[in-house]
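The values are calculated or read from the model by the stated rules, or taken from the named source; none is laboratory data. Owing to the predicted nature of the structure, the values given are computational and were not obtained by experimental measurement. Note that we place each Cβ from the backbone using ideal geometry, even for glycine, and neighbour counts take in every protein chain shown. Just the protein is used for accessible areas: all its heavy atoms, side chains included, with ligands, DNA and RNA removed. Shrake-Rupley method; radii C 1.70, N 1.55, O 1.52, S 1.80 Å.
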Amino acid sequence: MIKLDILYEGKAKILYETNVTNELIQFFKDDATAHNAQKLEIISSKGIINNYISEYIMNFLGKKGIYNHFIKRLNSREQLIRKVKIIPIEFVVRNFAFGSIIKRYNLSNEYKFKKPLIELFLKKDELNDPLINDDLIVELGWVTRSELENLKNKALIINKHLINLFNKINIELIDFKIEFGKTVYNNENKLILADEISPDNCRLWDKKTKKNFDKDIFRNNTGDLIEGYQEIIKRFKITIES
Ligand code: TMP
């Protein structure tokens, strides 16, 4: 496996081409951004921790039948992944009302939704990732109506698995964001889970104390981000090789 040129650099990760068709290297940076990158800091070792946590979660979901882009972790900051064409839609699944939805609809904090709720956002920094609806997504042609329905169902299944996973370590999954991408698998076009799942894109609260171990620590300046993320590593009993 040879690492080639940068294909794409995002806020928290870099994707490199490799000499293998349809396989990329995903590098986790230490950059932390919030409020559409108005707040930016380098937080030493964040990338390493997210690499390990995302590996753990993608492997877990893979075993539950959620086929995803993760192939294997290569080292402390890099994973080998399947190349996908990312659909520019953020799928946010919410179990409890917190964050942007509270402001948008003046909801009360921590209100538990009767059923998990999905919100879709357009991935476009210049527009501040606006909320988007199904009709416009289909109109703009990224996915068909039935593909979108399938992805929303998949997001809800992922939610069920993640709730169970975090339940085991006494964490309440408040909400999370996932992304999907198009790939060719066994000569068929497939839509698969991609990107990462880590405390950067989930809200994770201790069930008893409601202390949070996620990126809100950075967004709201409420403490040491690494200490929070390390708590997730510790509870999952993940070993980070030095
Ligand atoms: P929100 O309450 O700010 O809309 O965020 C909902 C969830 O989605 C939360 O767990 C953080 C995550 N998220 C991302 O991972 N990336 C983003 O760009 C945004 C806006 C939210």
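Descriptive notes on the structure:
- Options L156, L122: the member that is of a type in the set (A, V, I, L, M), within 18 Å of the chain's Cα centre (by Cα) and closer than 30 Å to R235 by Cα: L156
Table: residues versus (1) modelled with pLDDT of 95 or more; (2) closer than 23 Å to F121 by Cα; (3) surrounded by 15 or more Cβ atoms within 10 Å (Cβ to Cβ).
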position: H161; (1), (2), (3): yes, yes, yes
position: K207; (1), (2), (3): yes, no, no
position: N212; (1), (2), (3): yes, no, yes
position: G228; (1), (2), (3): yes, no, yes
position: K234; (1), (2), (3): yes, no, no
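- Selection within segment 34-51: residues that are touching a helix residue (DSSP H, G or I) at 6+ places or on another chain (Cβ under 9 Å) and part of a strand (DSSP E or B). The member of this set that is least open to solvent (accessible area, probe 1.4 Å) is A34.
- Restricting L61, L80 to residues that are within 17 Å of N159 (Cα to Cα), touching a residue at least 40 places away in the same chain (Cβ under 8 Å) and away from the ligand (no atom under 11 Å from the Cβ) narrows the list to L61.
- Hits in segment 166-188 - residues which are open to solvent by less than 10 Å² (accessible area, probe 1.4 Å) and in a helix (DSSP H, G or I): F166
- For segment 136-148, the tally of residues that are surrounded by 10 or more Cβ atoms within 10 Å (Cβ to Cβ) and either among the polar types (S, T, N, Q) or part of a helix (DSSP H, G or I) (or both) stands at 8.
- Per the listing I232, I226, I157, the residue uniquely among the aliphatic types (A, V, I, L, M) and either within 14 Å of the ligand (Cβ to nearest atom) or free of Cβ contacts under 8 Å to residues at least 40 places away in the same chain (or both) is I232.
- Condition check for F218: within 14 Å of the ligand (Cβ to nearest atom) and in contact (Cβ under 8 Å) with a residue 60 or more places away in the chain: yes
- Pairs with Cβ under 7 Å, 6+ apart, first in segment 102-122 and within 21 Å of I137 (Cα to Cα), second surrounded by 10 or more Cβ atoms within 10 Å (Cβ to Cβ) and among the small types (G, A, S): I118/A155
- Out of I192, I197, sole residue that is in contact (Cβ under 8 Å) with a residue 24 or more places away in the chain and part of a loop (DSSP other than H, G, I, E, B): I197
- Looking only at segment 91-100, and only at residues there that are touching a residue at least 24 places away in the same chain (Cβ under 8 Å) and under 18 Å from E172 (Cα atoms), the one that is nearest to the ligand (Cβ to nearest atom): G99
- Per-region count, segment 200-215, residues near the ligand (Cβ under 9 Å from one of its atoms) and without any contact (Cβ under 8 Å) to a residue 60 or more places away in the chain: 4
- Evaluation of K64 against the conditions (1) surrounded by fewer than 18 Cβ atoms within 10 Å (Cβ to Cβ); (2) under 13 Å from the mean Cα position of the chain (by Cα) shows that the sole unmet condition is (2).
- Segment 101-123, residues that are of a type in the set (K, R) and away from the ligand (no atom under 13 Å from the Cβ): K112, K114, K115
- When N187 is tested against (1) within 16 Å of the ligand (Cβ to nearest atom); (2) within 26 Å of T21 (Cβ to Cβ), exactly one condition is not met: (1).
- Residues of segment 70-100 satisfying the condition of being surrounded by fewer than 19 Cβ atoms within 10 Å (Cβ to Cβ) and of a type in the set (F, W, Y): F98
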